[in-house]
Every structure is written in C-alpha cells, then in structure tokens.
Amino acid sequence: MNRFEYARAADAGEAVRLASGSAMRFLAGGTNLVDLLKENVERPTKVIDIRRLPLAGITATDDGGLRLGALATNADTAWHPEVEARYPLLSSAILAGASPQLRNAATNGGNLNQRTRCYYFYDTAAACNKREPGSGCSAIGGVTRIHAILGSSEACIATHPSDMCVALAALEATVRVQGPSGERSIAFADYHRLPGDDPSRDNQLADGELVTAIDLPAEGYATHYTYLKLRDRLSYAFALVSVAVGLRLDEAGRIVTGRVALGGVAHKPWREPRAEALLEGQAPSQALFLQVADSLLLGAVGRGGNDFKIELARKAIVRALRQAAAGTPQSQTDKRVA
Amino acid sequence: MDTRVHSPAAALGDSGIPITLQLNGFSHTARVEPWVTLLDLLREEAHLTGTKKGCDHGQCGACTVLLDGKRVNSCLQLAVSVDGSAVQTIEGLAESGEGGGLDPLQQAFMDHDAFQCGYCTPGQICSARGLIAEGKARTREEVRELMSGNLCRCGAYTNITDAVMSVLQREGLAK
Ligand SMILES: Cc1cc2nc3c(=O)[nH]c(=O)nc-3n(C[C@H](O)[C@H](O)[C@H](O)COP(=O)(O)OP(=O)(O)OC[C@H]3O[C@@H](n4cnc5c(N)ncnc54)[C@H](O)[C@@H]3O)c2cc1C
Ligand code: SF4
Ligand code: FES
Ligand code: FES
C-alpha cells in the first residue's frame, strides 16, 4: 500500500472542499477502496473519509419516490421496510451481492463507484488501459470468462461488477451529486460510461464530485419483478450474467410497461429501450420473451472465454421475464434452479 | 459506558493519528498510521490474535468482528476510520455468556464439532453472532445463505449450520 494523507469530512461541503486539487479518493465503506489500496491499483495521495457525513438516511421524496442516502449501507437499504415493500427488485439485487459482512460495511455511493473485477486490472504487472491509460489491454486475447459481450471497445472489455446497479438501472433511478460547481442530477442510464477510447473513467463524475443520494421514482414494479443472478457458485460470487426485470401488467394480464437490465455483460448495466418497447401492450409469451432477448443482445460479441455468455444471457432473460410475469421472483435464499 | 482502560496512553508511540476504540468493553487508545487496518491493529497492537488473517481481501470471512454490533470484515476497515466505535472480537464473546462464560455459540460449535483446523472458526462464530442479531435467518437454508461470507476449507459447513441452528432454536428464533 502506498502512503497517503488522511482527512475526515463532517459534511458534504467539507468533503468537496477537501477533495480539491489532489489525487484523492473518498473512503466510504472501504470494501473496495481498501482492497485496491492493498493491491497498489489505487494510489491516491489523499484519502478523504466521508463515513461521518449525514447522508445515511432513507426518506420519501416529493414526487412519491424514495431517496437513498449515499452513506446508507447496502444492508440497511436492502432491509429497509419501504425498500422491501415498494422496491423488492432492489432489495433482491442487493441481497444477491457480496456477503452479509460486506453489505454491512458497503454503502450505496460506494457500490455505484466500485471498480471492475477484471483480473488484469487488479494485477499491476499486466497491461491495462483502465489502470494505466495507453498501456494496452491484457484481457483481449487473455482469459475472458468474466468479460463483456456488449458495448466494449478495443481499449477495454471489462464489466461493471455491481448487482445493485442493475436493479437501479431497471428502476430508472437518478444519481444526485455535489461538486465544486454545485449540485446536479444524473439519470442512471447515463451514469456509467462505456469504455470507448478512455476506459480509465468509469462514470460521469467529475474530479471532486461526491454522490450524495440515489432517488427512486414512485414506480417500483413491486408485484411483477425478479432479479436472476447466474454465477460460478450459488453464493458470494460476482455475476456471470444477471437480469433485473420490472413489469407492469393491466387487469387483462397484458404488459403495460416493462424494464429489463442486464448485469455482468458490459461496462454498465445494459438496457435497450427498443427491446423494452416490444413488451408494451403484449400478453406474456415465450415467443415474445425470446424476441426481447434477441433485441437486447443485438450486437453481442464473445472473446472466446466468454462466448458462452451470449446463450446464457438469452436463456436468463427469457427465464427472468417469465418469473416476473408470473409474479414468482427468484429467491436469493433458495437459489436452486430446476 | 465502560470506562475500563486497556492500554495506558503512556505506552503509545508518538507518530500516527490518535484513536480510541471500545474494544471488548475496554477503552483502547492507540496511534495509528492511516493505512493500518483494523485487523492489523487488533492482532499486532492489541495482541488479540483470535481474529484471523486469511485472505486479507474480504473474500474469506476469517477476520469477521462486530463493529458497533454489526459483523464486518476487519481486513477492509482502516483503523483510523473506525475511531470511536465499539469492536467485539472472539475474545470478547468468550466472556459474554452467562456468568462471564463462553458465548452459547462457542459452546454449540464444540458440541456439534463445527470445526477442524480452527482457522476460520473465530470468524464463523462472530459472523453467527451478527446473523442472530440481524434476525433474518430462521431456517437452515437462510442460515446457509447468511453464513456464506465465511469460507471453511475443510468443509465443516454442515456441522456449523447445526451449531447455529441449535442456538437459534434455544433462543426461540428458529422456524
Ligand atoms: C469479496 C467481495 C465480493 C463482492 N461481491 C459483490 C457482488 O457479488 N456484487 C456486488 O454488487 N458487489 C460485490 N462486492 C463489491 C461491494 O459491493 C463493493 O465493494 C461496495 O459496494 C463498495 O462500497 P463501499 O462503501 O465499501 O465503497 P468504498 O470502498 O469506500 O469506495 C469504492 C469507490 O467509490 C468511491 N466512493 C465511495 N463513496 C462515494 C461517494 N459517495 N461519492 C463518490 N465516490 C464515492 C470511492 O472513492 C472508491 O473509489 C464484493 C466485494 C468483495 C470484497
Ligand atoms: S478489460 Fe479493461 S480493465 Fe481489464 S485489462 Fe483490459 S483495459 Fe484493463
Ligand atoms: S481476512 Fe478478511 S475476509 Fe479474509
Ligand atoms: S475450521 Fe479450518 S477452514 Fe474451517
């Protein structure tokens, strides 16, 4: 671990002031940052501890939604009565991720800003454009089991590892940030970046900008939803592919609106408005769900080791849509798949 | 608050940032460099070696302690950042049972032979204590899922689940 200066902020304004003008990282739950400090992947000269910021609340918003404070833990968020009752898709996705110990420390803001689990990113002896811009990408032509099939570039094929973010994408959340030039809101679909030719930037945060909260809209798809996560073991592993689905059905059982987001396949939770539009006004059916899957996976390419993900994702999308339409969401405790 | 003092200020070095923890009920003062983890502070400075260093990267659960009553991986916490918190380790649990004896979970682990090498056991027991406090696990399946942050290489999982279930049953929390 590199040596660094440590500063503790009492509120968001102070955190942003302390952040100016140095290679710094905010410290929230520490579950990703401390790991990356130990690996020498992150080498800030200053760590600004934001744990004491008064941003741990979960409160109602004026438009009938819910505001999740950036410093609320993943565990407190998943088990918050309002989240469980109105946004069970989010609860389920959070509980599918990491372990109870990690979720007790990990925060909502930290979850959004956690970095990729690409093994070459973690290995400082490997070339990696995300870690060391311009050095190349060891994953291309390397071991690609966990890498992207959508939206990647020749500069980087990493995926965003979060489960929570896949649900937030389907729920169309808004990220609230505060920075040196004031406050702004970012639609969740725009928050994470595709790698393009600058994979070193994971998201739209400018230098010194702090996530203060995540706002959920009033629609929570509480009746017809699922979070289906497929991984190499049944617990405590990152997704190979995951699917978050929220559907609203009318009285005749037809789909009024549908949201589908994929995890484990791209640099960001993957959504395709054209695929979602196919669901509108339709009765749930296997044929329809296959059509949606094909539309979502349009342009998917494998890199050898991750070729299997294309077919895995297709099957997962269909299964998840069926679970959501039937109102039988995937259990995060009893994960056996028949 | 408990006002017992564990390490006298005079014994401390003079570099680093001063912090105070409530450590197993004792007030513990130390000076730490910002990059020292809570796990290293517990083992190297406070000589509480019950908490084990397994992977040191949040992947095995051997370093699990209760931080302000909640189970966390102490290898991923910077000691400076938990200044002012209460920390309970396996040594603290050992005095928390009836009449200052073993925690019922510790007895249950012995009764059910829930360990082989013992390296993962302190973390398993601290994690189980946290699980019971969270109140979300009532069935075997739920115990298995909510103990999944603790890996045991020798595969004592079945007996660990038995031990945790027996305590949940005793406390009337099992379904
Ligand atoms: C073994 C292991 C398994 C895991 N498995 C999963 C999994 O299956 N699914 C999953 O989704 N996650 C998983 N995780 C990741 C875990 O969810 C993240 O580490 C956690 O959510 C990060 O939150 P934190 O508060 O600890 O962030 P920190 O480590 O404190 O910070 C992470 C990054 O975010 C920045 N940051 C933090 N807060 C803010 C803010 N408010 N504004 C701006 N920047 C900020 C920090 O500067 C840092 O760069 C796993 C982690 C480990 C160690
Ligand atoms: S895929 Fe991205 S993160 Fe992984 S080595 Fe290539 S550039 Fe680095
Ligand atoms: S030593 Fe902390 S989780 Fe392995
Ligand atoms: S008791 Fe040794 S690894 Fe589990």
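Only one of the numbered conditions (1) within 14 Å of chain B (Cβ to nearest Cβ); (2) in a loop (DSSP other than H, G, I, E, B); (3) within 16 Å of ligand 2 (Cβ to nearest atom) is not met by residue A:116, and that is (1).
Filtered by the rule that a residue be assigned to a loop (DSSP other than H, G, I, E, B), surrounded by fewer than 20 Cβ atoms within 10 Å (Cβ to Cβ) and within 14 Å of another protein chain (Cβ to nearest Cβ), segment B:18-37 gives B:33, B:35.
Taking segment B:76-104 on its own, how many of its residues are at the interface with chain A (Cβ under 8 Å from one of its Cβ atoms) and free of Cβ contacts under 8 Å to residues at least 60 places away in the same chain? The qualifying residues number 4.
Checked against the criterion of being touching a His at 6+ places or on another chain (Cβ under 9 Å), open to solvent by less than 60 Å² (accessible area, probe 1.4 Å) and farther than 13 Å from residue A:319 by Cα, the candidates A:281, A:264 yield just one match: A:264. Within segment B:41-60, can one find any residue that is within 16 Å of ligand 4 (Cβ to nearest atom), over 14 Å from the mean Cα position of the chain (by Cα), without any contact (Cβ under 8 Å) to a residue 24 or more places away in the chain and on the phi > 0 side of the Ramachandran plot? Checking segment B:41-60: at least one residue is within 16 Å of ligand 4 (Cβ to nearest atom), over 14 Å from the mean Cα position of the chain (by Cα), without any contact (Cβ under 8 Å) to a residue 24 or more places away in the chain and on the phi > 0 side of the Ramachandran plot. So residue B:116 ticks every box in (1) away from ligand 3 (no atom under 16 Å from the Cβ); (2) within 30 Å of residue A:25 (Cβ to Cβ) but one. Which box is left unticked? The failed condition is (2). In segment A:283-292, is there at least one residue being among the β-branched types (Val, Ile, Thr) and within 22 Å of residue A:236 (Cα to Cα)? The answer is no, given that none of the residues of segment A:283-292 is among the β-branched types (Val, Ile, Thr) and within 22 Å of residue A:236 (Cα to Cα).
Scanning segment B:112-143 for residues that are on the phi > 0 side of the Ramachandran plot and open to solvent by less than 70 Å² (accessible area, probe 1.4 Å) turns up B:118, B:135.
Give segment B:137-158 a look and list any residue that's β-branched (Val, Ile, Thr) and either closer than 19 Å to residue B:171 by Cα or in contact with a strand residue (DSSP E or B) (Cβ under 6 Å, 6 or more places away or on another chain) (or both), or say none. Answer for segment B:137-158, where residues must be β-branched (Val, Ile, Thr) and either closer than 19 Å to residue B:171 by Cα or in contact with a strand residue (DSSP E or B) (Cβ under 6 Å, 6 or more places away or on another chain) (or both): B:139, B:143.
Within segment A:72-104, if we keep just the residues that are assigned to a loop (DSSP other than H, G, I, E, B) and open to solvent by less than 20 Å² (accessible area, probe 1.4 Å), the residue that is nearest to the other protein chains (Cβ to nearest Cβ) turns out to be A:99. Among the residues of segment A:1-13, the ones that are open to solvent by 20 Å² or more (accessible area, probe 1.4 Å) and in contact with a strand residue (DSSP E or B) (Cβ under 9 Å, 6 or more places away or on another chain) come to 4 in all.
One residue stands out among those in segment B:38-67 that are within 10 Å of another protein chain (Cβ to nearest Cβ) and more than 9 Å from ligand 3 (Cβ to nearest atom): the one that is nearest to residue B:154 (Cα to Cα), which is B:65.
Within segment A:15-59, if we keep just the residues that are in contact with a helix residue (DSSP H, G or I) (Cβ under 8 Å, 6 or more places away or on another chain) and among the small types (Gly, Ala, Ser), the residue that is nearest to the other protein chains (Cβ to nearest Cβ) turns out to be A:30.
Residue count for segment B:72-100 satisfying the condition of being touching a helix residue (DSSP H, G or I) at 6+ places or on another chain (Cβ under 9 Å) and within 14 Å of ligand 1 (Cβ to nearest atom): 9. For segment B:43-73, filtered to residues that are polar (S, T, N, Q) and open to solvent by 50 Å² or more (accessible area, probe 1.4 Å), the residue that is farthest from residue B:145 (Cα to Cα) is B:49. The single residue among A:64, A:110 that is in a loop (DSSP other than H, G, I, E, B), of a type outside the set (D, E, K, R) and more than 16 Å from ligand 4 (Cβ to nearest atom) turns out to be A:64. As for segment A:51-64, it holds no residue that is open to solvent by less than 10 Å² (accessible area, probe 1.4 Å), in contact with a Lys or Arg (Cβ under 7 Å, 6 or more places away or on another chain) and closer than 21 Å to residue A:102 by Cβ. Taking (1) closer than 20 Å to residue A:148 by Cα; (2) within 16 Å of ligand 3 (Cβ to nearest atom) in turn, residue A:235 satisfies each apart from (1).
Tallying residues that are open to solvent by less than 10 Å² (accessible area, probe 1.4 Å) and farther than 25 Å from residue A:228 by Cβ within segment A:110-123 yields 1. No other residue among B:134, B:95 is farther than 22 Å from residue B:173 by Cα and away from ligand 4 (no atom under 16 Å from the Cβ) apart from B:95. Just so you know, in segment B:144-175 the residues that are facing chain A (nearest Cβ under 10 Å) and touching a helix residue (DSSP H, G or I) at 6+ places or on another chain (Cβ under 7 Å) include one that is most open to solvent (accessible area, probe 1.4 Å), and it is B:144. Inspect segment B:123-130 for any residue being in contact (Cβ under 8 Å) with a residue 40 or more places away in the chain and away from every other protein chain (no Cβ under 13 Å) and give the result as yes or no. No, segment B:123-130 contains no residue that is in contact (Cβ under 8 Å) with a residue 40 or more places away in the chain and away from every other protein chain (no Cβ under 13 Å).
The values are calculated or read from the model by the stated rules, or taken from the named source; none is laboratory data. In this text, all values refer to a predicted model and were calculated from it rather than measured experimentally. Please note: Cβ atoms are built from the backbone with ideal geometry, for glycine as well, and neighbour counts cover all protein chains shown. We work out accessible area using only protein heavy atoms, side chains counted, and drop any ligands, DNA or RNA first. Shrake-Rupley method; radii C 1.70, N 1.55, O 1.52, S 1.80 Å.
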